[in-house]
1. Quick check, is residue 96 within 25 Å of residue 235 (Cα to Cα), away from the ligand (no atom under 16 Å from the Cβ), in contact (Cβ under 8 Å) with a residue 24 or more places away in the chain and in contact with a helix residue (DSSP H, G or I) (Cβ under 8 Å, 6 or more places away or on another chain)?
2. Which residues, taken from segment 283-300, are part of a loop (DSSP other than H, G, I, E, B) and either surrounded by fewer than 16 Cβ atoms within 10 Å (Cβ to Cβ) or over 14 Å from the mean Cα position of the chain (by Cα) (or both)?
3. Going through 266, 256 one at a time, which residue ends up being surrounded by 11 or more Cβ atoms within 10 Å (Cβ to Cβ) and modelled with pLDDT under 95?
4. Name the residues in segment 317-335 that are touching a helix residue (DSSP H, G or I) at 6+ places or on another chain (Cβ under 9 Å) and assigned to a helix (DSSP H, G or I), would you?
5. Scan segment 201-254 for residues that are touching a strand residue (DSSP E or B) at 6+ places or on another chain (Cβ under 7 Å) and either at positive phi or not assigned by TED's automatic domain parsing to the domain that holds residue 180 (or both) and report the count.
6. I need a count of the residues in segment 124-146 that are surrounded by 19 or more Cβ atoms within 10 Å (Cβ to Cβ) and part of a loop (DSSP other than H, G, I, E, B).
7. State all residues of segment 9-39 that are more than 16 Å from the ligand (Cβ to nearest atom) and crowded, with 18+ Cβ neighbours inside 10 Å; if no residue qualifies, say none.
8. Quick check on residue 181: is it in contact with a helix residue (DSSP H, G or I) (Cβ under 9 Å, 6 or more places away or on another chain) and either in contact (Cβ under 8 Å) with a residue 60 or more places away in the chain or over 28 Å from residue 60 (Cα atoms) (or both)?
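The values are calculated or read from the model by the stated rules, or taken from the named source; none is laboratory data. Since the model is a prediction, treat every value here as computed from it, not as a measurement. In this analysis, Cβ positions are derived from the backbone assuming ideal geometry, glycine residues included, and neighbour counts consider all displayed protein chains.
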Ligand code: ISE
């Protein structure tokens, strides 16, 4: 039968995943939606046959028709929902970040290991983006030689009003932390956050943009420009500098138009549109694997490692110094 999914959190991403599970993905149906805002959950549930609205994740997870959980609530709410799902041995797709700090990520790591088998995939969707996948294949193929540096640019049109300085690291740069670890197949060992004079479009107190320097265990250097209020669109680009060549991704999306003495194209306004294909591929592969009784994709270890790097990043952001990343030894369970 189709996988009955409870979607926890129905904000921008959660509502988009409900639509995706309902209209795009095969083999799954949304049987529950959960939100502390009861009305919001009810409106979504009413539009889907056989879907019930809840305000408590635990109540939804206890329902007969719920086989799996997609967590899309804000980061600080993830730990409780993850522990609840693991306690019930339910498969989970958890939006990034896994949790907002290393200690809480370690509690999830411990709970999954106690269960004895992997149940959680972390929503680092860039790993499912076609261009990132091609870049990964190129780097793994070895024809360009060793990767020496990565340059990342991560620009948002603007940020929601509740976005903080720390969230620029924990919710935005966390993506670059994950893709860096994945692309290079190395852990990140140190973080330094630099803060140029902010744009006048940033809210008071926010350092925007920021320039983040990552060091990896085999000595690669990685820079990330995070710009929350660039004001013109959503852009995510990366360049790998290798011994025998360079690769750039994310430069152009969609049709290039020539008219009226000009050429150009449209820049996507947000991540929901820019990474639509990646989200589709991510959720479909989670559903397929889950129905086969398997789990794949970014693991709780990846979520923990990214959280530890974020924690070092937030400290560096606050104290204006280079901070080394502390990781526990990788358990055999996650090898
Ligand atoms: C948002 O939460 C995301 O995850 C997006 O992918 C990221 O680009 C954006 O900066 C975050 O706010």
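1. No: the conditions fail for residue 96.
2. Answer for segment 283-300, where residues must be part of a loop (DSSP other than H, G, I, E, B) and either surrounded by fewer than 16 Cβ atoms within 10 Å (Cβ to Cβ) or over 14 Å from the mean Cα position of the chain (by Cα) (or both): 292, 293, 294, 295, 296.
3. It is 266.
4. Result: 317, 318, 333, 334.
5. Result for segment 201-254: 1.
6. 2
7. Within segment 9-39, 18, 21, 22, 25, 28, 29, 30, 31, 32, 33, 34, 35 meet the criteria.
8. yes
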